[in-house]
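One structure below.
The values are calculated or read from the model by the stated rules, or taken from the named source; none is laboratory data. These figures come from a predicted structure and were not determined experimentally. Note: ideal-geometry Cβ built from the backbone for every residue, glycine included; neighbour counts use all protein chains shown.
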Amino acid sequence: AQTRTGVLAEPVYNYDEAKVGDLTLPDLLRTTAGKQVTSRADWAARRAELLQLFAENVYGKTPAQPVRLQFQTTSIQQNALNGLAIRKQVSIVFTDYPKLPPIEVLIYVPKNAAKPAPVFMGLNFCGNHCVSPEADIPLSTRWVDNAIGEVSVNNRATEKSRGMQERRWPIDTILKRGYALVTAYYGDIEPDHKTGWRSGIRSVLGDTARYNGPQDSQWGAIGAWAWGMSRIMDYIQTDPALDARRVVLMGHSRIGKAAVWAGVQDERIAAVISNESGEGGAALSRRWYGETVERVNTSFPHWFTGRYKTFNQRVADLPVDQHELLALVAPRPLYVASADGDQWSDPKGEFMGALYAEPAYKLYGKTGLGVTTFPGLNQSVGQTVRYHNRTGKHDVTNYDWAQYLRFADELVR
Ligand code: GCU
């Protein structure tokens, strides 16, 4: 661990609980003007204020202008996965921006289930071909990180990457439980590197002339990925096989940060799952443990807005903290998950983020987490807000999915 003050050669992180320090959090239910929130009507105004504060200081402002889309079905397979599902591939084409590549959406709808089917939706890390066991899914042609499993060459996917992250998406299990799965590659919206914005949606939307100036509130890549999730929601609303009112948005890690930001902005999304989203996701920023604001801003300068970097060395001055972001999901169901072997994401900080969102749920007469002590390993706790800290490393496992399916069965169906 390193000290929190002074100029550091290495960006900071900390694994020493003794150094976590003071945790005075901004009060969720007190407006910037000092007014105490006591009713749902007050909360509506506070909610709008918090959304704006997160946009200005953390993720950047999501351009509000509507964008014309075309949904082009490129293939339908009536007997996918040995007859378990109907598989569809749909391109979300940006009518006004022909140079932008489309978002390629992969959809599995269970055949033997009620229609329209409730949906698990989520972006994937390495292309649709990576998460499906089916060999006829076209390889993604977009930029991919060469570091991903060493199966890309010159930042393009190779045949070797087929099915590589299948384990993270137990498609058969999801379908057999009666849910559809809708997924797309996050790099279709913006390639995940410092200059990736030049070939993604941020090259045409927002103030494209002045990215990441030190003080500005331009949107970052996380904002762009979140925006893309909402465009997939636009598609879901048009597909009669999918129940747009029962979409559970799941995101892991950096995509988990984006999923929470999408879920708070887009109230069409019925429930949100943050899987190990860590710093800038579910974990409290003021808890100086694991990855820190300074560290994430230094390693990934393109993720957040320029102004977020001005808080690197003075996190206590941030007008918000992440429990207030999670609170914006209320009254909808929220699942926050950690892994014990992923201290980088700060499991305790993620638990506290979920815990301190409670007052917002209370305003709706709901119980959020409903417990205040950090649970033992592999124990799913909570009510409308749930939490677990499983054994194992930074990943998405069958244990995680078993909890998410039960959560969706109980709270979304
Ligand atoms: C890095 C990064 C995290 C992020 C993670 C991921 O570890 O520091 O903030 O969540 O990558 O996306 O897997």
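Looking only at residues that are in contact (Cβ under 8 Å) with a residue 60 or more places away in the chain and within 12 Å of the ligand (Cβ to nearest atom) in segment 284-293, which one is surrounded by the most Cβ atoms within 10 Å (Cβ to Cβ)? Steps first, please.
So in segment 284-293, the residues in contact (Cβ under 8 Å) with a residue 60 or more places away in the chain come out as 284, 286-292.
Filter once more, so that each one left must be within 12 Å of the ligand (Cβ to nearest atom): 290-292.
Working: GLY290: 21, GLU291: 21, THR292: 23.
Of everything passing the filter in segment 284-293, THR292 is surrounded by the most Cβ atoms within 10 Å (Cβ to Cβ).
Put simply, of GLY370, GLY349 the only residue that is without any contact (Cβ under 8 Å) to a residue 24 or more places away in the chain and small (Gly, Ala, Ser) is GLY370. Taking the numbered list (1) within 16 Å of the ligand (Cβ to nearest atom); (2) in contact with a Pro (Cβ under 7 Å, 6 or more places away or on another chain); (3) of a type in the set (A, V, I, L, M) in turn, ALA241 passes all entries but (1).
Out of VAL260, VAL296, VAL264, VAL247, I need the residue that is under 26 Å from LEU23 (Cα atoms), more than 16 Å from the ligand (Cβ to nearest atom) and among the aliphatic types (A, V, I, L, M). Which one? Can you show your working first?
Details: VAL260 fails: more than 16 Å from the ligand (Cβ to nearest atom); VAL296 fails: more than 16 Å from the ligand (Cβ to nearest atom); VAL247 fails: under 26 Å from LEU23 (Cα atoms).
Being under 26 Å from LEU23 (Cα atoms), more than 16 Å from the ligand (Cβ to nearest atom) and among the aliphatic types (A, V, I, L, M) holds for just one of VAL260, VAL296, VAL264, VAL247, which is VAL264.
I'd like the residue in segment 78-101 that is part of a loop (DSSP other than H, G, I, E, B) and touching a Leu at 6+ places or on another chain (Cβ under 9 Å) and, out of all such residues, is nearest to GLN237 (Cα to Cα). Among those that are part of a loop (DSSP other than H, G, I, E, B) and touching a Leu at 6+ places or on another chain (Cβ under 9 Å), it is THR95. So which of TRP219, TRP169 is crowded, with 19+ Cβ neighbours inside 10 Å, closer than 15 Å to LYS61 by Cα, in contact (Cβ under 8 Å) with a residue 12 or more places away in the chain and of a type outside the set (D, E, K, R)? It is TRP219.
Working carefully through the options ARG268, ARG287, ARG245, ARG198, find the one that is of a type in the set (D, E, K, R) and in a helix (DSSP H, G or I).
Values: ARG268 fails: in a helix (DSSP H, G or I); ARG287 fails: in a helix (DSSP H, G or I); ARG245 fails: in a helix (DSSP H, G or I).
None of the others qualify; the one that does is ARG198.
Among residues that are modelled with pLDDT of 95 or more and among the acidic types (Asp, Glu), ASP188 is included.
Of all the residues in segment 289-324, those that are acidic (Asp, Glu), more than 18 Å from the chain's Cα centre (by Cα) and under 18 Å from ILE222 (Cα atoms) number 1.
Each row is one residue, and each column tells you yes or no for (1) modelled with pLDDT of 95 or more; (2) out of contact with any Leu (no Cβ under 7 Å at 6 or more places or on another chain); (3) buried (at least 18 other Cβ atoms within 10 Å of the Cβ); (4) outside any loop (DSSP other than H, G, I, E, B).
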residue	(1), (2), (3), (4)
LEU326	yes, no, yes, yes
ALA337	yes, yes, yes, yes
GLY341	yes, yes, no, no
GLY349	yes, no, yes, yes
TYR361	yes, yes, yes, yes
GLY365	yes, yes, no, no
GLY368	yes, yes, yes, no
PHE374	yes, yes, no, no
LEU377	yes, yes, no, no
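Here ARG162 fits the description: surrounded by 17 or more Cβ atoms within 10 Å (Cβ to Cβ) and of a type in the set (D, E, K, R).
Mind counting the residues in segment 267-278 that are away from the ligand (no atom under 12 Å from the Cβ) and of a type outside the set (A, V, I, L, M, F, W, C)?
Of segment 267-278, the ones away from the ligand (no atom under 12 Å from the Cβ) are 267-273.
Add one more test, that the residue is of a type outside the set (A, V, I, L, M, F, W, C), and what stays is 267-268.
Going through segment 267-278 one residue at a time, the tally reaches 2.
Looking at segment 260-283, which of its residues are among the basic types (Lys, Arg) and surrounded by 21 or more Cβ atoms within 10 Å (Cβ to Cβ)?
none
Reported count of residues in segment 327-345, each being within 16 Å of the ligand (Cβ to nearest atom) and either within 16 Å of the chain's Cα centre (by Cα) or without any contact (Cβ under 8 Å) to a residue 40 or more places away in the chain (or both), is 4.
Just the residues that are exposed (fewer than 12 other Cβ atoms within 10 Å of the Cβ) and either part of a helix (DSSP H, G or I) or touching a Phe, Trp or Tyr at 6+ places or on another chain (Cβ under 8 Å) (or both), please, taken from segment 49-69.
Taking segment 49-69 first, the residues exposed (fewer than 12 other Cβ atoms within 10 Å of the Cβ) are 64-66, 68.
Passing the criteria: only ARG68.
Across segment 117-146, the qualifying residues are those that are among the small types (Gly, Ala, Ser) and free of Cβ contacts under 8 Å to residues at least 40 places away in the same chain, and the one among them that is nearest to the ligand (Cβ to nearest atom) is SER132. Exactly one residue out of VAL248, VAL315, VAL320 is hydrophobic (A, V, I, L, M, F, W, C), surrounded by 21 or more Cβ atoms within 10 Å (Cβ to Cβ) and touching a helix residue (DSSP H, G or I) at 6+ places or on another chain (Cβ under 7 Å), and it is VAL248. If you filter segment 17-48 down to residues that are surrounded by 15 or more Cβ atoms within 10 Å (Cβ to Cβ) and not in a loop (DSSP other than H, G, I, E, B), you find that the one that is farthest from the chain's Cα centre (by Cα) is ASP42. Taking the criterion of being surrounded by 17 or more Cβ atoms within 10 Å (Cβ to Cβ) and part of a loop (DSSP other than H, G, I, E, B), the only residue of segment 102-112 that qualifies is PRO102. Being within 16 Å of the ligand (Cβ to nearest atom), touching a strand residue (DSSP E or B) at 6+ places or on another chain (Cβ under 9 Å) and not in a strand (DSSP E or B) is a description that applies to GLY281.
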